[in-house]
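Beneath this line is the structure, given in structure tokens, with notes to follow.
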Amino acid sequence: MHVSPILAAQSTYPFVRLERAKREAVEVGIEIVDFGQGDPREPTDPAIRQALVDGLRERMGYPKAEGLPELRVAIARWLERRYGVRVDPDREVIPTLGSKEAIFSFAQVVLDADGTKDAVVVTEPGYPVQERGALFARAHVWKLPLREERGFLPDLDALDDEAWSRIAIFWVNYPNNPTGAVAPLVFYERLAALAAEHDFLVASDEAYSELWFDEPPSSALQVADRDRVVVFNSLSKRSSMTGYRSGFVAGPAEVISALKEFRPTVGTAPQEFVQRAAIAAWNDEAHVGRAREAYRRKREIVLGAFERRGWRLAEGSRATMYLWLEVPGGESSEACAERLLRHGVVVAPGAYLGEAGEGYVRVALVPTEEECLRAAAILEEVL
Ligand SMILES: Cc1ncc(COP(=O)(O)O)c(C=O)c1O
């Protein structure tokens, strides 16, 4: 059988390796607490679940790619409440199936691999989907490392004019998976100014915008000139709705119009009953505040255990559901994760998320508070 050479060239999605190691641990009788993958296990708010049930009719026809007008309005109102930014719900917003598919296919929609703007910038360590989507669109992918000494922001001075001129999309992700870093508005301002100067799109993946502990992070949409800024957000983390698959893209009318053309062909119009649940979710902040409190408690429990054993949280790791912890003593991140797994605590090796992630592990605060307490007791013994 033949498969796409781009698919064949991809290494195993790193978490598949983690899953395998976990299965082996369970088979030999180890009881595990899983801080590996970022799939929230907080219950979805009952009012959101009810809205989904109420949205189910005897017959549901094909949903339209542009989504329900009520949902686009709910998203636009949320953007205004949250960031003070006004977007046109008809021309500047489109609902998506979570944000992963939209992130993956974005390069296919806006990049001409045979033209002069054939490069996509991503940051690493990071979520691998931006890069994989760009590769399927035949882009050249340039990876900029995120380093602790730079606050986990990419070095925008590392590129020369020739490089800038080739960029079609510059991906950023703040609050950042995996480092937990947050980008200040001045960073987005500088990137948007470079985008205007060199004519590229800033694609800002803001899936973790609502999981913060001190102050609400900024959005790239808040820059003064947002003509080239495209934001991807999702209910997956904000409202613990990973299984629903609901998110949105907000950006310039031209980009949204291209997405409206592309998406019906690909079959990515969101199910109407999910959109009804999404309206309920964007219209309510109380459940989001409760989720933040739950993460805050779990953060204190788990981070406390690591810190008491002399581990260090990376400087600037202050939002998302992740802790980005430095592995002490020069042990590799994979060896460290294997060692913790033998004691029943699953963490993600930083190196799985990119070269610059070596030397760190990522702890996703998704287990229950009770499990976190159990893990903390284990950690205090084995670290
Ligand atoms: C950085 C980042 N962006 C986007 C997503 C996509 O999430 P979803 O497709 O559920 O919205 C994830 C999921 O883990 C993520 O970590």
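The values are calculated or read from the model by the stated rules, or taken from the named source; none is laboratory data. Keep in mind that what you see is a predicted model, and the values were worked out from it rather than measured. Backbone-built Cβ (ideal geometry, glycine too); neighbour counts: all protein chains shown.
Report, by residue number, each residue of the range 10-49 that is more than 19 Å from Arg339 (Cβ to Cβ), in contact (Cβ under 8 Å) with a residue 60 or more places away in the chain and part of a helix (DSSP H, G or I).
Ala47, Ile48, Arg49
Since Thr123 meets every condition but one in (1) part of a loop (DSSP other than H, G, I, E, B); (2) hydroxyl-bearing (Ser, Thr, Tyr); (3) within 18 Å of Ala314 (Cβ to Cβ), which condition does it not meet?
Against the list (1) part of a loop (DSSP other than H, G, I, E, B); (2) hydroxyl-bearing (Ser, Thr, Tyr); (3) within 18 Å of Ala314 (Cβ to Cβ), Thr123 comes up short only on (1).
Which condition from (1) in contact with a Lys or Arg (Cβ under 9 Å, 6 or more places away or on another chain); (2) over 22 Å from Ser239 (Cα atoms) is the one that Ile94 breaks?
Against the list (1) in contact with a Lys or Arg (Cβ under 9 Å, 6 or more places away or on another chain); (2) over 22 Å from Ser239 (Cα atoms), Ile94 comes up short only on (2).
Looking only at the range 347-360, how many residues end up being farther than 27 Å from Asn233 by Cβ and either surrounded by fewer than 23 Cβ atoms within 10 Å (Cβ to Cβ) or without any contact (Cβ under 8 Å) to a residue 12 or more places away in the chain (or both)?
Going through the range 347-360 one residue at a time, the tally reaches 4.
Filter the range 13-70 for residues that are among the basic types (Lys, Arg) and closer than 17 Å to Arg245 by Cα; which is surrounded by the fewest Cβ atoms within 10 Å (Cβ to Cβ)?
Looking at the filtered set, the residue picked out is Arg41.
So which pairs qualify, if the first residue must be in the range 245-269 and under 15 Å from Ala203 (Cα atoms) and at pLDDT 95 or above, the second must be outside any helix (DSSP H, G or I) and more than 16 Å from the ligand (Cβ to nearest atom), the Cβ gap must be under 6 Å, and the two must be at least 6 apart or on different chains?
If the second residue must be outside any helix (DSSP H, G or I) and more than 16 Å from the ligand (Cβ to nearest atom), the pairs left are Ala250/Val87; Ala250/Glu92; Pro252/Asp227; Ala253/Arg91; Ala253/Glu92; Ile256/Glu92.
Residue check, Arg299 against (1) more than 20 Å from Lys22 (Cβ to Cβ); (2) over 20 Å from the mean Cα position of the chain (by Cα); (3) of a type in the set (Lys, Arg), all met but one. Which one?
(2)
Go through the range 296-325 residue by residue and tally those that are in a helix (DSSP H, G or I) and closer than 18 Å to Pro349 by Cβ.
Result for the range 296-325: 2.
Please go through the range 84-106 and pick out each residue that is in contact (Cβ under 8 Å) with a residue 60 or more places away in the chain, of a type in the set (A, V, I, L, M, F, W, C) and within 15 Å of the ligand (Cβ to nearest atom).
The answer is Ile94, Leu97, Ala102, Ile103, Phe106.
Going residue by residue through the range 99-106, is there one that turns out to be assigned to a strand (DSSP E or B), within 21 Å of Thr265 (Cα to Cα), at pLDDT 95 or above and of a type in the set (Ser, Thr, Tyr)?
no
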